[in-house]
Amino acid sequence: MSLNLIIGNKRYSSWSLRAALALELSGAPYTEQLIALDRADTQARIREHSPTGKVPLLKTEEGPVWDSLAIGEYLAERFPEAHLWPRGQYARALARSVCAEMHSGFVALRTHLPMDLKRDQALAEVPDDALADIRRVCALWAECRERFGQDGPFLFGHASLADAYFAPAAARLRSYQVDLPEVAAAYVATVYQWPAFQRWYQAALKEQLG
Ligand SMILES: N[C@@H](CCC(=O)N[C@@H](CS)C(=O)NCC(=O)O)C(=O)O
């Protein structure tokens, strides 16, 4: 088996984190190659691997898979025994809906509170559109936990692609010291206790790329 994940800085690259967590969920062995973002040669180096000029990209024996969502779906299909999506048809549909919503939305949250795993400081003022995104994230988490969270502390009980997708949001809420309702605060704690997230987080804290 030969899987190689091309990622950006662990400190900043939220989309790379999602793909890495998906790989961790799959249990498959893989190697990773990190390309430093925001450098003069970043685009040229990414384009050696990726037609989009973006990371993450997963190199497989058959060819590249790019975009975090496609990587998650590929791994879910290739390693069905790992149950990357929750069991249950509607649980899977809800998990896919929340991942799709994150993939195509939450622009204000991503713009005003960019992921920075070394940060531990509130914003002087959180803009209204970012606050609306934060409220929506908390509502989504509460809905998933309420409906499907009985078997464990993750969004759908056991860790799934939904958690891979929302781990960077949890990290933002903690690192920008956002006040949260109880369910959301408990979920952020769950993400930080997740060994797969901790491995990435600890590596990000040690990163010397700036
Ligand atoms: N929709 C893509 C987004 C990928 C993306 O925006 N990646 C950023 C890093 S987190 C990137 O590659 N930036 C490099 C650049 O724009 O130079 C996905 O889900 O993978």
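The values are calculated or read from the model by the stated rules, or taken from the named source; none is laboratory data. Predicted, not measured: the structure shown is a model, and the values here were computed from it. Positions of Cβ are backbone-derived with ideal geometry, glycine not excepted, and every protein chain shown enters the neighbour counts. The accessibility values were calculated without ligands, DNA or RNA, using every heavy atom of the protein model including side chains. Shrake-Rupley method; radii C 1.70, N 1.55, O 1.52, S 1.80 Å.
Of the listed requirements (1) surrounded by fewer than 15 Cβ atoms within 10 Å (Cβ to Cβ); (2) more than 15 Å from the ligand (Cβ to nearest atom); (3) not β-branched (Val, Ile, Thr), ALA82 misses just one: (1).
Would you check if PHE154 is in contact (Cβ under 8 Å) with a residue 60 or more places away in the chain, surrounded by 13 or more Cβ atoms within 10 Å (Cβ to Cβ) and aromatic (Phe, Trp, Tyr)?
It is false that PHE154 is in contact (Cβ under 8 Å) with a residue 60 or more places away in the chain, surrounded by 13 or more Cβ atoms within 10 Å (Cβ to Cβ) and aromatic (Phe, Trp, Tyr).
With respect to the conditions (1) surrounded by fewer than 13 Cβ atoms within 10 Å (Cβ to Cβ); (2) within 14 Å of the ligand (Cβ to nearest atom); (3) modelled with pLDDT of 95 or more, SER68 falls short on a single one, namely (1). Note on segment 175-196: among residues that are closer than 22 Å to PRO56 by Cβ and assigned to a helix (DSSP H, G or I), the one that is most open to solvent (accessible area, probe 1.4 Å) is PRO195.
Of the residues GLU77, GLU24, which is among the charged types (D, E, K, R), touching a residue at least 60 places away in the same chain (Cβ under 8 Å) and more than 11 Å from the ligand (Cβ to nearest atom)?
GLU24
Please enumerate the residues belonging to segment 1-53 that are part of a helix (DSSP H, G or I) and more than 17 Å from the chain's Cα centre (by Cα). If the condition is that a residue be part of a helix (DSSP H, G or I) and more than 17 Å from the chain's Cα centre (by Cα), then THR42, GLN43, ALA44, ARG45, ILE46, ARG47 are the ones that fit.
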